[in-house]
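Below you will find the structure I want to go over with you.
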Amino acid sequence: MPKSNLQSHLIFSRSERGGILFLTALIVVLLTTYYCIDFSAESVLDVSSSEIVKQQRIIDSLYQVELEARKPKLYPFNPNFITDYKAYTLGMPTEAFDRLKAFRAQGKWINNTEDFRKVTGVSGQWIDSISPYFKFPAWVTRPKPNYTFSKIVNTRRSYDEKVDLNMATAEELQQVSGIGAVLSERIIAYRDGLGGFTDDVQLYEVYGLSSEVVQKTKQLFTVKSPKSVQKWNVNTASASDLSTIPGVSFDLAKEIWEFVRLREGITSLGALEKIEGITANKLKRIQLYLFVE
């Protein structure tokens, strides 16, 4: 290559020399910046500040409130009538529930918290948290009137002449034709389990008591001191609530709940008679614990 051509490539104009000088200076500045300045990320938010801690506590408290609100509501209940589902929601151990079922299958009743603990064997911590919701029959012993019964048991009596069904003794009940020692004790056991009858119609719930014998019993006895019961709004009650009604299994309670929900509520309790298994007589007993609103 001629020497003149080589020299032409090494000769720069004033503007070119200025550009090369500026580029060299820029490179030096960038290298200096890179090596001299710490670019590691620093948090601009101090999570340990009092204001952040205060806001976090508020968020935590709202979270706990929401958790409590989502827990199933617990209402007073008679532990003699705990169902499988109720035991599950209460966190009752399976073996404890099995012992309770076996005890109740013998026709026996639990009348206080200590009896419940002994029968089921639940822990002290569990019983302390659940027992405040136990609602045992508040049965007050009163002197029983000594009635003299006529041997003609089919004679209809006026209301004033009838004996209060909630005060009747086994011996008095046995004056009814068809009621012996076993049935009379069974009536009293069922009455004690309810905490007292609310209506004569509840006699139909006593196992082994025929409709004919119930009619004879009602000629001599009637409920004069009815026990007040908790009534459920059938349009808002849950299946668990309905299953606490005497004579209503959880399966039937679920059917009632689904029946009402499918119709978006009912206006009359008589509509429940459309459910298979609910006769007019059974409906009379169920509706003692229900209302429509």
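Could you grab me the full set of residues in segment 225-266 that are of a type in the set (Lys, Arg) and more than 18 Å from residue 284 (Cα to Cα)?
Passing the criteria: 254, 261, 263.
While we're on this one: Within the set of pairs 6 or more residues apart or between chains, which connect a residue that is outside any helix (DSSP H, G or I) inside segment 122-135 to a residue that is exposed (fewer than 13 other Cβ atoms within 10 Å of the Cβ) with Cβ atoms less than 6 Å apart?
Sorted first by the residue in segment 122-135, then by its partner, the pairs are 135/76.
Something else now. Just a yes or no: is a residue in segment 38-54 in contact with a Leu (Cβ under 8 Å, 6 or more places away or on another chain) and at pLDDT 70 or above? Full working, then the answer.
Of the residues in segment 38-54, the ones in contact with a Leu (Cβ under 8 Å, 6 or more places away or on another chain) are 52.
Checking which are at pLDDT 70 or above leaves us with 52.
Checked segment 38-54: at least one residue is in contact with a Leu (Cβ under 8 Å, 6 or more places away or on another chain) and at pLDDT 70 or above.
Considering only residues that are within 25 Å of residue 227 (Cα to Cα) and out of contact with any Pro (no Cβ under 8 Å at 6 or more places or on another chain), which ones fall in segment 107-135?
Correct list: 107, 108, 109, 112, 113, 114, 115, 130, 131, 132.
Do you know which residues across segment 140-167 are in a loop (DSSP other than H, G, I, E, B) and modelled with pLDDT of 90 or more?
Hits for segment 140-167 are 165, 166, 167.
Now for a different question. Does any residue in segment 12-38 that is outside any helix (DSSP H, G or I) come within less than 9 Å, Cβ to Cβ, of a residue that is surrounded by 10 or more Cβ atoms within 10 Å (Cβ to Cβ) six or more places away or on a different chain, and which pairs are these?
Note: pairs meeting the criteria are 12/19; 12/20.
Let me ask you something else. Considering only segment 252-290, state which residues are among the aromatic types (Phe, Trp, Tyr) and either touching a residue at least 24 places away in the same chain (Cβ under 8 Å) or outside any helix (DSSP H, G or I) (or both). Quick ask: steps written out before the conclusion?
First, the residues of segment 252-290 that are among the aromatic types (Phe, Trp, Tyr): 257, 259, 289.
Correct list: 289 only.
For segment 193-237, name all the residues that are of a type in the set (S, T, N, Q) and not in a helix (DSSP H, G or I).
Those that are of a type in the set (S, T, N, Q) and not in a helix (DSSP H, G or I): 198, 210, 222, 225, 228, 230, 233, 235, 236.
Sticking with this one: Within segment 94-121, restricting attention to residues that are part of a loop (DSSP other than H, G, I, E, B) and at pLDDT below 90, which residue is surrounded by the most Cβ atoms within 10 Å (Cβ to Cβ)?
110
Here is a follow-up. It is to be established whether one or more residues within segment 203-223 are in contact (Cβ under 8 Å) with a residue 60 or more places away in the chain, under 23 Å from residue 110 (Cβ atoms) and either surrounded by 16 or more Cβ atoms within 10 Å (Cβ to Cβ) or not polar (S, T, N, Q) (or both).
Yes - at least one qualifying residue is present in segment 203-223.
The values are calculated or read from the model by the stated rules, or taken from the named source; none is laboratory data. Bear in mind that the values here come from a model prediction, so they are computed numbers and not experimental data. As a convention, Cβ positions derive from the backbone with ideal geometry for all residues, glycine included, and neighbour counts pool all protein chains shown.
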